[in-house]
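Peer 1: Starting off with a structure, shown below.
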Amino acid sequence: MQLVICGTDTDIGKTVVSSLFVQGLDAIYWKPIQSGLEDGGDTEQVCKLLNLPENRYLPEKYKFKAAVSPHWSAEKENRLIQPEKMHVPILSQNLIVETAGGVMVPLTRNFLQIDLLQKWMLPIILVARSGLGTLNHTLLTIEALRRRKIPILGIILNGDLHEDNPKTLEQFGNIPVIAQLPQFKNISAKSLHEQWLKQDLEKRLEDLIKYI
């Protein structure tokens with residue numbers, strides 16, 4: 001199984017969700033483009049959180065210091081992302097790919113992240129906030145992906161449980177909300193495992209992947 005974890009915004013919880021799926025599916029983690037290295041980058045954070053050995057993650061294709069959009073972060077270092085050279089690795093294990101930001105983030109001055117997602121055509125798990133503003137952001141993202149015929153497996157909501165947003169997203173987006181993750185006070189491999197079991201995510205994925 002190969003899945004892409006993509007967000008509707010920045011700082012939306014993609015790395016937490018990626019960690020959840022890497023652990024739950026015993027998968028390999030890959031963040032091909034990393035913008036911002038103040039905390040070592042997301043690969044380092046996932047490895048620390050899950051105590052991953054070297055054979056459970058792939059190195060970034062591109063790493064940039066500035067925590068800004070990838071196209072600009074690359075330019076600040078007089079570098080250029082080359083999307084034509086970015087291929088999904090062929091592996092025998094499950095693979096979780098985390099994107100840098102949302103679907104419309106520029107990777108270069110003439111190539112958006114959604115262009116790369118269209119090239120890959122892997123199922124997307126969309127990470128969104130649970131609260132105010134998520135309806136607009138999430139439905140716009142779904143529409144953009146659908147226009148390119150990119151498969152969407154489902155939505156993961158992060159934050160305090162909301163009474164109405166999950167059913168409204170399912171109604172207008174026609175996409176299932178796979179899980180609703182709480183605000184973690186102390187995030188750990190154990191707390192992620194508890195949510196994986198509580199929300200029966202392995203069974204949900206097995207049911208959904210049949211329709212992709």
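Just so you know, all these numbers are worked out from the coordinates, no wet-lab data involved. What you see is a predicted model; the values in this text were computed from it and never measured. No Cβ is skipped: glycine too gets one built from the backbone with ideal geometry, and neighbour counts run over all protein chains shown.
Peer 1: Step through the table entries Lys85/Lys210; Lys48/Lys185; Lys31/Lys76; Lys185/Lys210; Lys65/Lys85; Lys48/Lys210, compare each Cα-Cα distance with 28 Å, and write down the pairs that go over it.
Peer 2: Lys85/Lys210; Lys185/Lys210; Lys48/Lys210
Peer 1: By the gyration tensor of its Cα atoms, with a ≥ b ≥ c the square roots of the eigenvalues, what is the shape of the stretch 172-212: rounded for a/c under 1.5, prolate for a/b over b/c, or oblate?
Peer 2: Here the stretch 172-212 falls in the oblate category.
Peer 1: Mind jotting down the distance between the C-alpha centroids of the stretch 25-65 and the stretch 149-201, whole Å?
Peer 2: About 22 Å separates the Cα centre of the stretch 149-201 from the one of the stretch 25-65.
Peer 1: Taking a cut-off of 17 Å between Cα atoms, list the aspartates and glutamates near Lys119, but don't count ones fewer than 8 places away on the same chain.
Peer 2: Excluding near neighbours in sequence, the set is Glu84, Glu98.
Peer 1: Something else about it: What nm value, rounded to one decimal, do you get for the distance between Gln171 and Glu84 when each label is placed 7 Å out toward the C-beta?
Peer 2: It is 4.8 nm.
Peer 1: Let me ask something else. Taking θ = phi - 60°, what integer Hz values does the Karplus form 6.51 cos²θ - 1.76 cosθ + 1.60 yield along the stretch 27-43, in sequence order, with x for Gly and Pro?
Peer 2: For the stretch 27-43, the Karplus-derived couplings read 9, 8, 9, 8, 10, x, 10, 10, 10, x, 10, 4, 9, x, x, 5, 4 Hz, x marking Gly and Pro.
Peer 1: Still on this model: With a ≥ b ≥ c taken as the square roots of the eigenvalues of the C-alpha gyration tensor of the stretch 82-130, please select rounded if a/c is under 1.5 and otherwise prolate if a/b is larger than b/c or oblate if it is not?
Peer 2: Oblate is the answer for the stretch 82-130, as a/c is 1.5 or above yet b/c matches or exceeds a/b.
Peer 1: If you don't mind, another one. Could you name the lysines whose alpha carbon sits less than 20 Å from that of Lys167, not counting residues in the same chain fewer than 8 places away?
Peer 2: By straight Cα distance, Lys167 reaches Lys198.
Peer 1: To one decimal place, what Kirkwood hydrodynamic radius in Å is obtained for the stretch 130-212 from all pairs of distinct Cα atoms?
Peer 2: That comes to 13.9 Å for the stretch 130-212.
Peer 1: Which semi-axis lengths, in whole Å and largest first, follow from the square roots of five times the eigenvalues of the Cα gyration tensor of the stretch 5-164?
Peer 2: 22, 20, 16
Peer 1: Taking the DSSP beta bridges in the chain as the whole, what percent of them are antiparallel, to the nearest 5?
Peer 2: Bridges in the chain are about 5 percent antiparallel.
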